[in-house]
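Data block below; observations after.
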Amino acid sequence: METKQSKPNSPRTGLWLLIVAAVALETIACIQYFYSRSVIRDQAVYRAKAELRAAELEINVATAEMEAAAKMLAMMAEHNLDKPQAIYGCTQTLLETLPNVESAGVAFIADYYPDQGRWYEICSSRVPDIYTRQIGSASHDYLQAEWFNNGLQIDSAWWSEPYMDEVGAQKMVVSCSYPIKDKQGKVVAVACIDFSLYRLSKVSQYLQVYKGSYYSIASPSGNDIVGRPDTIPGRKYLILDEMIDATGWHLTVIIPEDILFADLNRIGLIVTIMMLMSLALLVYIMYRSAKNIRSLVELHTRQQRMEGELEIAQTIQNAMLPKVFPPFADRPDLNIYGMVQPAKEIGGDLYDFYVRHDKLFFCVGDVSGKGVPASLVMATIRSLFRSTTAHSEFPDRIATQINNTIAEQNDQNMFVTLFVGVLNLETGELLYCNAGHNAPLLLDSPKFSVRDIEVLPNLPIGVLPGFEYKAQSLQLKRGETIFLYTDGLTEAENKEHAQYGEQQMKDTLGTTAGLRPQEIVEAMKASVEQFVDGAPQSDDLTMLAIRYQLSAIVMRNDIQQIPTLAEWVEELKVPDELNMPINLALEEIVSNVMLYAYPGRNDGKVFVEYTEDDSADGKRMIFTVSDTGVPFDPTKKDEVDTTLSAEERPIGGLGIHLVRQLMDEVYYERQGDKNILTLVKKL
């Protein structure tokens, strides 16, 4: 009987088993490798962050000590401003007290002490012993130094870039400056503390995380303070950074990955050599897949971070724009409304306004380009507008100063079209300067007319440094509205790429001339949205409407202002037969307020507002006179007995008696700190 022999296993089966086993082993090895790599990286990051925090703490302690020393020296110098020789002792005492200070000095503005000459800088330094002397001179012109000029302008401690101090400390230092003020609050000198870069080198014990790793301390502009973070092209690094809040310095630890993963790489090399060559392609594919996934994750993380940063930037930008409308509760003669609608998350359009000394300062601008760069320029323009208008009331000078500042730092060749206006709220005179911006429009409510405001062809801001801008003037009438806009309005495109255009803008504005500023802007926005019909917005859109109110007048506490009251009543176009009685009544009440509401003061104001309403008795004209003077109710005066002779009648009361005879209703109320007297005349 034959026995059936079993068939030997196929070599292919064994090969598959080997392949499966090899793949399994390779999979396990890869998992172990990447897990170990992640653990090593996490440990390195944890260790490096701990060392960075320790170094940050060490530097914070040192910089805080220097800032306190600078402030102390400033206080000592302020106490001895009238005794310049005593300041020698101040700097020397400070140097003797604080061993970490290389040198301490007090530098005065030019010719502060006329008998000491143009330059007067007292400096104590360790060279090598403490040595105090006056070092200011033509050869050591500290008036041009960065630490001095920034110390004058910034009302707090300021840290300089690292530099070689040839005269004072005679070594590489960073300086901490602090302003010194006289009794009137004017900055007249700068206290300066020099801190040697050598003294910062002791933090290297924290930053040398691994043998062969790099470390550095750099200034905000990237200048090395300690260490040299040199890298080799093609070499991979683990880089961790920390910023010192007080000084803006950056602490950086740079660890080459070949040093970080040296031991792991050696083991991986041995394992790789032992693997079958046939698995090389599979390992490569797995490695590339893992790397691609990691890249996608990092890309998604960066995208999320960028979106978050753009959202924060949008919030900050919106916070810079006026948002409370109407903006001035105490200015019934003024009504303003504005809006900015960026094409992207953040934009480059801006508007701003505020009132100072009975003058409205305002501007509208459009930065070339869009996005983050434009938003940064926008923020700069807004800050420059606020700072320059705080010291100047002339639009041409304001535009010139803004242009010179922007042009000096315009490495990206960006420019800004800008309209700057200053409206005198007492006289209605508008001074303005147009720097290449769209000409504003003037809306006359009574006539329902729209016309361009004539503008000179000045260059946009940032194009040419030193350009002299020219101002223009316009007499604004009460009831007129200035409409300002950016080209995002006229150049708005629909789906067929047709533009909204200036004519359609003027036609729409012609229908809004009698509306309030907010209603005008909202009507224009609705018109543009209807025109584009859902097409994507191609440019930032900004609109600002300013109305010089007809229904109110604000007068200074000055009897010479009385004639302007009659002019205002004339503009109201009241019936001819009521013009004189209304004028007499208002002049009596307003002059009484000016004479008695603000005793011993000349800074008060008188507000007169006009409204109309319909009552059961017919149409009524209502005049409200208010002030913030001493509480006084003129209606409490007893009625005057006109049957008595002039000798028999008591003094006073004739004024309110006259007003009662001329008007139909007169009543008083006190609201908060305001006296409010209401006069009603029935038509």
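General observations
- Residue identified as open to solvent by less than 70 Å² (accessible area, probe 1.4 Å) and assigned to a strand (DSSP E or B) among ALA70, ALA107: ALA107
- Subset of the range 373-391 (residues that are open to solvent by 50 Å² or more (accessible area, probe 1.4 Å) and touching a residue at least 60 places away in the same chain (Cβ under 8 Å)): ARG382
- Only a single item in (1) at pLDDT 90 or above; (2) in a helix (DSSP H, G or I) is not met by MET378, and it is number (1).
- Lone unmet requirement of (1) of a type in the set (S, T, N, Q); (2) at negative phi; (3) at pLDDT below 85 for GLN170: (2)
- Qualifying residue in the range 354-375 (condition: at pLDDT below 85, closer than 17 Å to PRO460 by Cβ, not hydroxyl-bearing (Ser, Thr, Tyr) and not in a loop (DSSP other than H, G, I, E, B)): yes
- ASN602 being open to solvent by 70 Å² or more (accessible area, probe 1.4 Å), over 19 Å from ARG331 (Cβ atoms) and among the polar types (S, T, N, Q): yes
- If you check LEU418, LEU430, LEU423, LEU442 for being modelled with pLDDT of 90 or more and either part of a loop (DSSP other than H, G, I, E, B) or closer than 20 Å to ASP349 by Cα (or both), only one passes: LEU418.
- Residues that are small (Gly, Ala, Ser), surrounded by 17 or more Cβ atoms within 10 Å (Cβ to Cβ) and farther than 27 Å from GLN412 by Cβ within the range 445-471 comprise SER445, ALA471, listed in sequence order.
- Test set (1) in contact (Cβ under 8 Å) with a residue 24 or more places away in the chain; (2) of a type outside the set (S, T, N, Q); (3) open to solvent by 50 Å² or more (accessible area, probe 1.4 Å) - VAL532 fails condition number: (3)
- Filtered residues of the range 574-604 (kept if part of a loop (DSSP other than H, G, I, E, B) and within 43 Å of the chain's Cα centre (by Cα)): ALA597, TYR598, PRO599, GLY600, ARG601, ASN602, ASP603, GLY604
- Qualifying residue in the range 165-175 (condition: under 24 Å from PRO220 (Cβ atoms), open to solvent by 30 Å² or more (accessible area, probe 1.4 Å) and assigned to a strand (DSSP E or B)): yes
- Residues that are farther than 17 Å from GLU65 by Cα and touching a residue at least 60 places away in the same chain (Cβ under 8 Å), drawn from the range 75-113: ALA77, GLU78, LEU81, VAL106, ALA107, PHE108, ILE109, TYR112
- Residues in the range 605-639 that are assigned to a loop (DSSP other than H, G, I, E, B) and either charged (D, E, K, R) or under 19 Å from ASN583 (Cβ atoms) (or both): ASP617, ASP633, LYS637, ASP638, GLU639.
Residues are listed down the side, and each one gets a yes or a no for (1) under 15 Å from LEU441 (Cβ atoms); (2) modelled with pLDDT under 90; (3) surrounded by 20 or more Cβ atoms within 10 Å (Cβ to Cβ); (4) under 28 Å from the mean Cα position of the chain (by Cα):
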position: SER473; (1), (2), (3), (4): no, no, no, no
position: LEU489; (1), (2), (3), (4): yes, no, yes, yes
position: GLU502; (1), (2), (3), (4): yes, no, no, no
position: LYS506; (1), (2), (3), (4): yes, no, no, no
position: VAL521; (1), (2), (3), (4): yes, no, yes, yes
position: LYS525; (1), (2), (3), (4): no, no, no, yes
position: GLN549; (1), (2), (3), (4): no, yes, yes, no
position: ARG556; (1), (2), (3), (4): no, yes, no, no
position: LEU572; (1), (2), (3), (4): no, yes, no, no
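- For the residues GLN537, GLN560, the requirement of being out of contact with any His (no Cβ under 7 Å at 6 or more places or on another chain) and assigned to a helix (DSSP H, G or I) singles out GLN560.
- Among the residues making up the range 82-95, those that are assigned to a helix (DSSP H, G or I) and over 14 Å from MET72 (Cα atoms) are ALA86, TYR88.
- Answer residue from the range 586-596, given it is of a type in the set (A, V, I, L, M) and farther than 11 Å from VAL625 by Cα and is surrounded by the fewest Cβ atoms within 10 Å (Cβ to Cβ) among those: LEU595
- Taken together, the residues in the range 475-508 that are farther than 18 Å from ILE520 by Cβ and among the polar types (S, T, N, Q) amount to 3.
The values are calculated or read from the model by the stated rules, or taken from the named source; none is laboratory data. Note that the structure is predicted; figures quoted are calculated from it, not measured. Cβ: placed from backbone, ideal geometry, glycine included. Neighbour counts: every protein chain shown. Side chains are part of the model used for accessible areas, which takes the heavy atoms of the whole protein and leaves out ligands, DNA and RNA. Shrake-Rupley method; radii C 1.70, N 1.55, O 1.52, S 1.80 Å.
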